[in-house]
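Have a look at the structure below, then the notes.
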Amino acid sequence: MNSRRQFITQISLGGTALLAGNAFSQGAMVSETDAQAKGLGYAADTTKVDAKKYPKHVATQNCANCQLYQGKAGEKAGGCPLFAGKQVTAIGWCSAHVNKA
């Protein structure tokens, strides 16, 4: 029974540490050179997206008006589940953009 109690305690502490680490790393900005960012065609500025490479890109699309964007209105950056633990710029864009309803 003592080992079960220790296991539950360790799981609780580990989960807390994981959440704290995720909250801390949320401040890091995603770089356009990150492998995930490159794969999704992420640009920190939607006006600099290669139109030939991404013909479905529309100039009015940006991270701030994407369903995946987790930042608050008016913030310059916010989280995105595609870039776990990192932030994207509100004026950024990637090929996974989905307009907010």
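Readers should treat all values here as calculations from the given coordinates under stated rules, not as data from a laboratory. Because the structure is predicted, anything quoted here is derived from the model rather than measured. Glycine gets a Cβ as well: all are built from the backbone with ideal geometry, and neighbour counts include every protein chain shown.
List of remarks:
- Sequence-distant lysines (8 or more away, or on other chains) whose Cα lies within less than 19 Å of K38: K48, K52, K53, K56, K86
- Remark: segment 88-95, residue by residue, has Karplus-estimated 3J(HN,Hα) of 10, 6, 4, 8, x, 7, 9, 5 Hz, where x stands for each Gly or Pro and the curve is 6.51 cos²θ - 1.76 cosθ + 1.60 at θ = phi - 60°.
- Evaluated at q = 0.17, 0.20, 0.29 Å⁻¹: base-10 log I(q)/I(0), Debye formula over Cα of segment 26-89: -0.56, -0.78, -1.44
- Using a simple spin-label model with pseudo-atoms 7 Å out from Cα toward Cβ, E32 and A84 lie 2.6 nm apart.
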